[in-house]
Amino acid sequence: MENNIDFLQLEDEIVKVIKTIYDPEIPVNIYDLGLIYQVNVDYDNKVEIVMTLTAPNCPIADSLLAEVNEKIAEIPGVAEVKVTLTFDPPWSKEMLSEDAQLELGFM
């Protein structure tokens, strides 16, 4: 049971860190932008992030993926990080959180 608590705390910490990462062209973090599809942590503290981009030809794709990878790897307790990029389903404005919609003037 102890492992399960640490596991849940690690997931929470990962989301907090992801919320510090911003698309340089949009003043909203990538979590609230809806770019993060999955955060998976196994019982060995190996982390897999499944994410997308606002556009397949995004010029900052490599640097954004590298930033996610580096910042998650720095979290104490994370054993390994794998960031997977997908465009299925494609990103759309409907994936924005309420906070992001307010920030960007969509509400």
Quiz item: Just checking, which of 64, 96 is buried (at least 17 other Cβ atoms within 10 Å of the Cβ) and in contact with a Cys (Cβ under 8 Å, 6 or more places away or on another chain)?
Solution: 64
Practice problem: Give me the pairs, please: first residue somewhere in the stretch 56-84 and among the acidic types (Asp, Glu), second residue anywhere and surrounded by 13 or more Cβ atoms within 10 Å (Cβ to Cβ), beta-carbon distance under 6 Å, and either six or more positions apart or on two chains. | Solution: 67/21; 80/46
Quiz item: If the Cβ limit is 8 Å and pairs must be 6+ apart or interchain, which residue in the stretch 5-31 that is assigned to a helix (DSSP H, G or I) pairs with which residue that is polar (S, T, N, Q) and at pLDDT 95 or above?
Solution: 18/29
Quiz item: Is it true that some residue in the stretch 18-34 is modelled with pLDDT under 90 and under 14 Å from the mean Cα position of the chain (by Cα)?
Solution: yes
Quiz prompt | Count - residues of the stretch 35-46 that are at pLDDT below 95 and assigned to a loop (DSSP other than H, G, I, E, B) | solution = 4
Quiz item: Looking at residue 17, is it under 16 Å from residue 92 (Cα atoms) and surrounded by 14 or more Cβ atoms within 10 Å (Cβ to Cβ)?
Solution: no
Quiz item: Can you pull out the residues in the stretch 71-87 that are among the acidic types (Asp, Glu) and either under 15 Å from residue 13 (Cβ atoms) or modelled with pLDDT under 95 (or both)?
Solution: 74
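The values are calculated or read from the model by the stated rules, or taken from the named source; none is laboratory data. Just so it is clear, the structure is predicted and the values come from calculations on it, not from any experiment. Counting neighbours? That spans all protein chains shown, and the Cβs are built from the backbone with ideal geometry, glycine included.
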